[in-house]
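No lab work stands behind these numbers, since they all come straight from the coordinates. Bear in mind that the values here come from a model prediction, so they are computed numbers and not experimental data.
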Amino acid sequence: MPLAARIACVHGLVSVQANESAGKHKSGRTRKGNAYVRRLLCEFAHAASRTTSAFKAKFSSLIVRRGYKRSIVALGHKILRTIFFMFKRRQHYRDSATDYEKLSVQRNAHVGSKR
């Protein structure tokens, strides 16, 4: 099991992988894990779902199929994986939905106008 998936499993943000066996559907409940980390990640996911980011796009696509609460847990899982890879690669977070070049120009536009 890869380390990122293992960390998500330990914190209880992974539902049971095999949802169907012999035509019978199993429960989609998440496992028990660190309740404090799980609550924080779900709170972060709720906040991220209301911003203009790649997480909002993921939430919007999930909520149609899975519902609100399961989409929040899935988004919390995605945030946890993102944080893990940020630490592993020692990189800052760069959102794919944000145009950083445009933001840089906007921030520095007023500096040149004062002179």
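Numerical summary
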| item | result |
| --- | --- |
| For the chain, convex hull of alpha carbons as volume per residue, Å³ | 141 |
| Of the DSSP H helices in the chain, those whose Cα atoms cover at least 27 Å axially and whose Kyte score averages -1.0 or more | 68-89 |
| Highest-fluctuation residue, Phe87, Phe55, Phe44 considered, GNM on the chain with Cα pairs under 10 Å | Phe87 |
| Principal axes of the stretch 57-115: Cα extent on each, largest first, Å | 54, 30, 13 |
| Length released on extending from Thr98 to His46, taking residue separation times 0.36 nm less the Cα-Cα span | 16.8 nm |
| Residue-averaged [θ]222 nm for the chain, counting only DSSP H segments that reach four residues, each worth -39500 (n - 2.57) | -20000 deg cm²/dmol |
